[in-house]
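Undergrad: Below is a structure I'd like to ask you about.
The values are calculated or read from the model by the stated rules, or taken from the named source; none is laboratory data. Because the structure is a prediction, the values reported are computed rather than measured. Note that each Cβ is placed from the backbone with ideal geometry, even for glycine, and that neighbours are counted across all protein chains shown. Heavy atoms of the whole protein, side chains included, go into the accessibility calculation; ligands, DNA and RNA do not. Shrake-Rupley method; radii C 1.70, N 1.55, O 1.52, S 1.80 Å.
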Amino acid sequence: MAQDTQTDLAGKLTFEADKGAGRSKWVAVFLALLLVCWMGSGYILPSDLSEDAVEETPTQRAIAVAVMPSQADDVELVLSAEGQSEPDRATNIQAETSGQVVSVAVRRGDLVTAGQELGRIDAATIEAQLLQAQTQQEQATRDLRNAIELQNRGVATEDRVSNARAAKAAADAAATAAQEQLENTIIRAPFAGRLNDMTLDEGEFVDAGNVVAEVLDNDPLTVVIQVPQQALSRIQTGQNAQVQFITGEQRPGVVSFIGANADQQTRTFRVEVTVDNPDSVMPAGLSARIAIPTGQARGHFISPAILSLGTNGDLGIKTVQDDNTVAFAPVAIVRAQTDGVWVTGLPESAQIITVGQGFVNAGDVVDPRIEGAEQTAGVSQ
């Protein structure tokens, strides 16, 4: 009984005789066939949709850039360098004799002339020595004259005359030395200039050799610059120069000296420019900028912002050719100003890209638009 019951239950679980069991199989087969047909439709019935899509896709638009028409012009080449002014001459004045200062004739900062008295040292002792030397000189002169007269009479010997002549020479030397010592008590300026320092005070004692004053000759004033070796061939003595001091004052100058030996560390050459400085108005030691015209060239004036770097690192400018393609032209900066730079290396006329040069390369096709044209059109509308 148990076995019959299990057999009957198993028979009841079969679905082959159920209504709708075969329909599900046909639905699955139909869906599979439909999927296969859809996947193979591209090979069996190729569509022209892709070609139409390609034909309907518009060509890539050229990049719009702003260009500036530029015409070459003559530009004066200028060699610029920073320098410092120096006095034409400078010297320390030393006391040439010892003694007490009895008078001071000038003050620090005064303009002095060559030989002008600056101060005086007490000369009482030296005057007495001079008087003694002059007296001995007169006595030696008389002795020599008498010896010569006696020799002419045949009374005096040649040795007596020689001794008198030696005594006369010694007396003359002593008198001359005393006279020089007396003159040395007056301290004088060796040349015209400005008294930059003065340490003399009345009543003080100075020793021979002490520095008592300093005189600077600032007329003409010398401005020294260091010129790199690659620019040395562009300058020569006698060239005019423009000197702008840090105080804002400008003076014309002339190249007066070009060094013949380069500095071992900087490999630059010393160049001196002289500037007229009446009454030594401009002091020495001022910083200055020198501009030396060295010739002319044909160049374009541009803003430094439109400069670009080429693929090999060259500095250049991107321009637009007649066929609207981009070209890269290496340039050299020949003169810099506060509002722009002058460059060489471009043709006489060029369409310089001013906006968008960073997004294009040489050979690219662009849509050039004159700089400012769009703004003008917008205002007119």
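Undergrad: Whenever you get a sec, line up 26, 342 from highest to lowest accessible area (probe 1.4 Å, protein heavy atoms). Before the final figure, lay out each step's value.
TA: Working: 26 185, 342 40 Å².
Order by accessible area, largest first: 26, 342.
Undergrad: Between residue 114 and residue 244, what FRET efficiency comes out of the Förster formula 1/(1 + (r/R0)^6) with R0 = 35 Å and r the beta carbon distance, rounded to 0.05?
TA: 0.65
Undergrad: Amide H of residue 65 versus every other amide H placed in the peptide plane: which residues, excluding those fewer than 5 positions away on the same chain, fall under 5 Å?
TA: Under 5 Å from the amide H of residue 65: 367, 369.
Undergrad: Within region 102-222, what whole-number % of the accessible surface is contributed by carbon and sulfur, with the 1.4 Å probe and all protein chains included in the calculation?
TA: Roughly 47 percent of what the probe reaches on region 102-222 is carbon or sulfur.
Undergrad: Could I ask something else about it? So for 131, 118, what's the accessible-area order with a 1.4 Å probe, most first?
TA: Sorted descending by solvent-accessible area, the residues read 131, 118.
Undergrad: Determine the order of 349, 233, 162 by accessible area, beginning with the largest, at a probe radius of 1.4 Å.
TA: Per-residue accessible area, sorted high to low, gives 233, 349, 162.
Undergrad: Skipping prolines and chain starts, which residues have an amide H placed within reach, meaning under 5 Å, of the one on residue 96, given they are 5 or more residues away or on another chain?
TA: The answer is 209.
Undergrad: Enumerate the whole-percent occupancy of each 10 Å bin, from 0 to the last occupied one, for all C-alpha pair distances of region 211-320.
TA: Percent of Cα pairs in each bin: 12, 31, 28, 20, 7, 2, 1, 0.
Undergrad: Return one whole number: the accessible area per residue of region 299-367 in Å², for a 1.4 Å probe.
TA: 52
Undergrad: Here's another thing I want to ask about it. Note down the nm distance, to one decimal, between modelled labels 7 Å out along Cα→Cβ at residue 257 and at residue 231.
TA: 2.0
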